[in-house]
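Every number in this text was worked out from the coordinates using simple rules, so none of it is lab data. This is a predicted model, so every value here is computed, not measured. All Cβ positions, even for glycine, are placed from backbone atoms using ideal geometry, and neighbour counts span all protein chains on display.
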């Protein structure tokens, strides 16, 4: 085992694992047979690690809705099934989720949803616990990698015991935290695989659904009773002056901040164990609810008529930490710490040689309003490219550009475009493009086809030609697909060719009909591109006039060297030249975009290595 | 530091920060400590500022996050990044800093300048700074990519883990063909940390 810890203090084999690695191991130990998900930070590595075991069928689905439907089907066929996604992905999968709550399961069915408090890599900060309540489903919330693995196994047992899908809430500080995990025994489901007709339970016609609604209510009641004695809803009595109710990482932060206080640590956040809470509350002087994001537990405890302190002290915005919890509860700032020093920021940037850069440089030149989408290319919004004007959710760019066209009519022609990556287009842009054609719009949709789901770490998608299991697969032909749904004008360009891309964009954006421009070049981080021999460019400093054209690309491999008048003169340049640019040859991959922009032959093509 | 400690790793995406934090975690675990480590992935990784929090202790470690003002040792892979995380430091912190400077976008495009003598921000507050030219150490050891392990070598002197344990961890964790060069970088870093 690659992660084995060299320490031998216990009989069980211990491993050093991230939460996502631990969840993958948990799925293996739980006997999961089918796993389907869509990449999204911080959930992505669960399926990537699970696929490495080769013993479980894993797949990347086009989107989270499909992923959950695949898992529901596998569950109906009698095997344990898993679906993984980030918090916003559960919005996409919400439709099947709510009705799967009614049908229940055959093989255990678990959805792992990873929240991202503080939005390290997300467009919103929603709290997935609300889905558990709204869909009437049990939800477990582990605090660290060791619990993540155990809770996933518990989730499968609960799923089959209570005939329900189970939600498991992860978050950035479980998914991407490493800790010591004990390897456990493999389990098997007691369910026999096969298809059994059961229309009253599986066909949610209104008449059947009404019956199932009653069953769901009874199930909720039973799970709430179970929660009262569930071993992972655990009381740790300490000093009774302060009592904390907390789950997941919030428990860890509160425990770190108040190690001697009393705790009710909830492993199951929905439904809540009312008697246990009442009993705990009666034994402590002041009851605090510590939870990140929404006052989910707090509102329910208050509805029980129990006095407690929660969001009036504990922040509802952003990630908690021991320091945040301590300050919130005691009101004391703690030991004085050094304030931050103002420094040049270091935001993320597109890679050197990224094909998207050429496209965004041109969109900036064209002064169009760019209806944007989700992926690495969202970084096109940052200076100096500054060429993305909206970003709402996966696939939104296409429908929004159409909406802008309908709002503005002829006045808007040539003013707005949609940009969307290959994976995002497949995820949820295609249906919007069908709408654009069907409802006779004129908007131009640019598909940034780099053949991979890049942002989350180069996961293959239906346009890549391979699967997560490493098997060859069909690669979608975007021009054919677009023509088939009725787009008459489909052009493919190489975005590294700046002038050709400009010409095509100008023509298509002005066209009073729907059009698609596909900017096609593989991501520099794909294995094939990494292996390709590179010919880095170099600077001919003598020719550089310091005009700064190449800097408009914002390429990390190009940097500015400032000159004083004396230094400029000493270099044989005009006294007023403020500096020159140089290419970092260890970073440059020779994409050639800057060469096109330089009018002074100060950039020279590489000879290769 | 004999019983528990907080180590902060920081630098720029692509510098091998996560591997350095992994080797350190494995060494501490092998020495019998509990540990938790928090990393940053996804959008935050694309050439941006990267950090990892590593907490260890003889008893169970709860929070994976280091609180402001509680870092015992910082291992900074880039000069300015050491200063960026100043609020995590305290007067008693030790900062091992690679003297390499990587210009962020605003500096690379000439909009801002790289702060001159920025480590003074640390020393003027009484924080101990150990500057290390890890690039030169790695070059001498025979591989420029061993910068991270050279820095781990410097760090190893400050932690309650035997040298033999570190060597075992490097042998076990790295691919066979790069073990030798990394052991050389580790030894050179450890010597530089004397």
- Message: Can you give me the angle between helix A:64-76 and the longest principal axis of chain A, using Cα atoms only, in degrees from 0 to 90, rounded to the nearest 10?
- Response: 40 degrees
- Message: If you fit an axis through the alpha-carbon atoms of helix A:498-510 and take the longest principal axis of the Cα set of chain A, what angle between them do you get, 0 to 90°, nearest 10?
- Response: 70 degrees
- Between helix A:248-257 and chain A: long-axis angle, C-alpha atoms, 0 to 90°, nearest 10: 80 degrees
- Would you mind ranking A:197, A:265, A:406 so that the residue whose beta carbon has the fewest other beta carbons within 10 Å leads the list? A:197, A:406, A:265
- Let a ≥ b ≥ c be the square roots of the eigenvalues of the Cα gyration tensor of the stretch A:533-604; is it rounded (a/c under 1.5), or, if not, prolate (a/b larger than b/c) or oblate? prolate
- Message: Compute the distance from the alpha-carbon center of the stretch A:501-525 to that of the stretch A:109-141, in whole Å.
- Response: 37 Å
- Over the stretch A:234-330, consider all pairs of different Cα atoms and compute the Kirkwood hydrodynamic radius from their mean reciprocal separation; express it in Å, one decimal. 12.9 Å
- Message: Let me check the size of the stretch A:170-221 from its C-alpha atoms; what are the radius of gyration and Dmax in Å?
- Response: 19.1, 50
- Query: What's the Kirkwood radius of chain B in Å, using all Cα pairs?
  - Reply: 16.8 Å
- Centre separation in Å (Cα based) which lies between the stretch A:427-457 and the stretch A:282-327: 43 Å
- Query: How do B:93, A:397, A:18 rank when sorted from fewest to most other Cβ atoms within 10 Å of their own Cβ?
  - Reply: B:93, A:18, A:397
- List, largest first, the extents of the alpha carbons of the stretch B:45-144 along their principal axes, each in whole Å. 47, 35, 30
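Give me the tail of P(r) for the stretch A:14-229 as a percent: Cα-Cα pairs with distance above 33 Å.
Values: 2090 of 23220 pairs.
Roughly 9 percent, rounded to a whole number.
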- Whole-angstrom gap from the stretch A:353-416 to the stretch A:174-204, using each part's C-alpha centre: 42 Å
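Quick one: grab the alpha carbon gyration tensor of the stretch A:356-414, order the square roots of its eigenvalues as a ≥ b ≥ c, and give me rounded if a/c is under 1.5, else prolate or oblate depending on whether a/b is larger than b/c.
Numbers: a/c = 2.76, a/b = 1.36, b/c = 2.03.
Since a/c reaches 1.5 but b/c is at least a/b, the shape of the stretch A:356-414 is classed as oblate.
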- Item | CD proxy at 222 nm, helix term only [per DSSP H run n ≥ 4: -39500 (n - 2.57); per residue of chain A; nearest 500] | -10000 deg cm²/dmol
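Taking the number of other C-beta atoms within 10 Å as the exposure measure, put A:547, A:555, A:354 in order starting with the fewest.
Details: A:547 16, A:555 28, A:354 31.
Fewest to most other Cβ atoms nearby, the residues stand as A:547, A:555, A:354.
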- Tensor-based shape of the stretch A:410-559 (alpha-carbon gyration tensor, a/c under 1.5 rounded, otherwise prolate or oblate): oblate
- Beyond 32 Å, what percent of the Cα pairs of chain A remain? 56 percent
